[in-house]
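Asks: My structure is below; once you've seen it, I'll send some questions.
The values are calculated or read from the model by the stated rules, or taken from the named source; none is laboratory data. Quick caveat, the model's predicted, so the values are computed rather than measured. Backbone-built Cβ (ideal geometry, glycine too); neighbour counts: all protein chains shown.
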């Protein structure tokens, strides 16, 4: 048995630079893993199966199953696997849970099946599954460019900062595509905010809320009904410098740990779905627990 923790992420910056000829968009973003996670368990089996703690998620559309099938097809692997996915990351929340699960599946099955694929080979497969999947193969703080395939490692922000996540119960069909369609061309930027933050991290300077940026904040309130209400609730609980996580609808702030605990306690007391999490460094984000292989 092999067990992986698949961590969530927040975009410390997220800039859309323009449209590409392949239908995607070029982005510049600084991605930071946080210690909210899904758990994936891989065991040998004659056929491929996926069991999820959220049975309403369709198996064949799940990125875990798609990653496993892609790995089989590309390597000619005939063996199966019994995969168990225990969800801890909210679904379609802007936190990268599906992409992180896919990356963990590539790594877990590469090990379970003894395929011996190198990082560059896994990276190529990851890019075919989704724009954020290559980042989760790496796992540490990173500058991500192109459509998500170009990664440059960055130092993890230091200090006692926590990340408070507020997940509103808001859904939007085909969310990511809808947000990109809604984004006006005058919201495209040239990557200056991302470059400045990357420079700040390399210099070891403190991470400040005013350095964060998300292009989709420009269309978030019109795209997500009631999001403005949750933004106000967050601020009323003491949150300062609220930002959208990825393409939303999750909202987040950076705060000193004790302050984050106070905000989390207030929001939990009002019945909101809120998480106080830590930023995860590279070594921890790539950790794997091994059980008995049989």
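Asks: If you scan the stretch 86-127, which residues turn out to be more than 30 Å from residue 273 (Cβ to Cβ), in contact (Cβ under 8 Å) with a residue 40 or more places away in the chain and in contact with a helix residue (DSSP H, G or I) (Cβ under 7 Å, 6 or more places away or on another chain)?
Replies: 109, 115, 117, 125
Asks: State all residues of the stretch 196-223 that are closer than 15 Å to residue 252 by Cβ and part of a loop (DSSP other than H, G, I, E, B); if no residue qualifies, say none.
Replies: 207, 208, 212, 216
Asks: Something else: With respect to residue 31, is the statement that it is touching a residue at least 60 places away in the same chain (Cβ under 8 Å), within 28 Å of residue 219 (Cβ to Cβ) and out of contact with any strand residue (DSSP E or B) (no Cβ under 9 Å at 6 or more places or on another chain) true? Walk me through how you get there before you give the answer.
Replies: Details: touching a residue at least 60 places away in the same chain (Cβ under 8 Å): yes; within 28 Å of residue 219 (Cβ to Cβ): yes; out of contact with any strand residue (DSSP E or B) (no Cβ under 9 Å at 6 or more places or on another chain): no.
No: the conditions fail for residue 31.
Asks: Additional query: If you check 248, 238, which single one turns out to be on the phi > 0 side of the Ramachandran plot, crowded, with 21+ Cβ neighbours inside 10 Å and modelled with pLDDT of 95 or more? Reasoning before the result, please.
Replies: Working: 238 fails: crowded, with 21+ Cβ neighbours inside 10 Å.
One residue alone meets the criteria, 248.
Asks: Which one is surrounded by the fewest Cβ atoms within 10 Å (Cβ to Cβ), of the residues in the stretch 4-47 that are at pLDDT 95 or above, touching a helix residue (DSSP H, G or I) at 6+ places or on another chain (Cβ under 9 Å) and more than 30 Å from residue 161 (Cα to Cα)?
Replies: Filtering first and then ranking leaves 44.
Table: residues versus (1) modelled with pLDDT of 95 or more; (2) over 17 Å from residue 167 (Cβ atoms); (3) in the same structural domain as residue 125 (by TED's automatic domain parsing); (4) more than 23 Å from the chain's Cα centre (by Cα).
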{"position": "68", "(1), (2), (3), (4)": "yes, yes, yes, no"}
{"position": "72", "(1), (2), (3), (4)": "yes, yes, yes, yes"}
{"position": "78", "(1), (2), (3), (4)": "no, yes, yes, yes"}
{"position": "84", "(1), (2), (3), (4)": "yes, yes, yes, no"}
{"position": "92", "(1), (2), (3), (4)": "no, no, yes, no"}
{"position": "107", "(1), (2), (3), (4)": "yes, yes, yes, no"}
{"position": "111", "(1), (2), (3), (4)": "yes, yes, yes, no"}
{"position": "114", "(1), (2), (3), (4)": "yes, yes, yes, yes"}
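Asks: Filtering the stretch 177-191 down to residues that are surrounded by fewer than 11 Cβ atoms within 10 Å (Cβ to Cβ) and either more than 23 Å from the chain's Cα centre (by Cα) or touching a residue at least 12 places away in the same chain (Cβ under 8 Å) (or both), which residue is nearest to residue 26 (Cα to Cα)?
Replies: 185
Asks: Can you tell me which residue is nearest to residue 254 (Cα to Cα) among those in the stretch 151-174 that are surrounded by 14 or more Cβ atoms within 10 Å (Cβ to Cβ) and out of contact with any helix residue (DSSP H, G or I) (no Cβ under 8 Å at 6 or more places or on another chain)? Reasoning before the result, please.
Replies: Filtering the stretch 151-174 for residues surrounded by 14 or more Cβ atoms within 10 Å (Cβ to Cβ) gives 151, 154-157, 161-168, 170, 172.
Narrowing the set further to residues that are out of contact with any helix residue (DSSP H, G or I) (no Cβ under 8 Å at 6 or more places or on another chain) leaves 165, 167.
Values: 165: 9, 167: 15 Å.
Filtering first and then ranking leaves 165.
Asks: Does the stretch 44-51 include one or more residues that are assigned to a loop (DSSP other than H, G, I, E, B) and touching a residue at least 24 places away in the same chain (Cβ under 8 Å)? Quick ask: steps written out before the conclusion?
Replies: In the first step, residues of the stretch 44-51 are kept if they are assigned to a loop (DSSP other than H, G, I, E, B); the result is 46-47.
Narrowing further to those that are touching a residue at least 24 places away in the same chain (Cβ under 8 Å): 46-47.
There is at least one residue in the stretch 44-51 that is assigned to a loop (DSSP other than H, G, I, E, B) and touching a residue at least 24 places away in the same chain (Cβ under 8 Å).
Asks: I've got another one for you. Being touching a strand residue (DSSP E or B) at 6+ places or on another chain (Cβ under 6 Å) and surrounded by 20 or more Cβ atoms within 10 Å (Cβ to Cβ) is true for just one of 81, 93, 67, 126. Which residue is that?
Replies: Values: 93 fails: touching a strand residue (DSSP E or B) at 6+ places or on another chain (Cβ under 6 Å); 67 fails: touching a strand residue (DSSP E or B) at 6+ places or on another chain (Cβ under 6 Å); 126 fails: touching a strand residue (DSSP E or B) at 6+ places or on another chain (Cβ under 6 Å).
Just one listed residue meets the conditions, 81.
Asks: Same structure, new question: What about residue 31, is it under 30 Å from residue 224 (Cβ atoms) and in a loop (DSSP other than H, G, I, E, B)?
Replies: On the way: under 30 Å from residue 224 (Cβ atoms): yes; in a loop (DSSP other than H, G, I, E, B): no.
The answer is no for residue 31.
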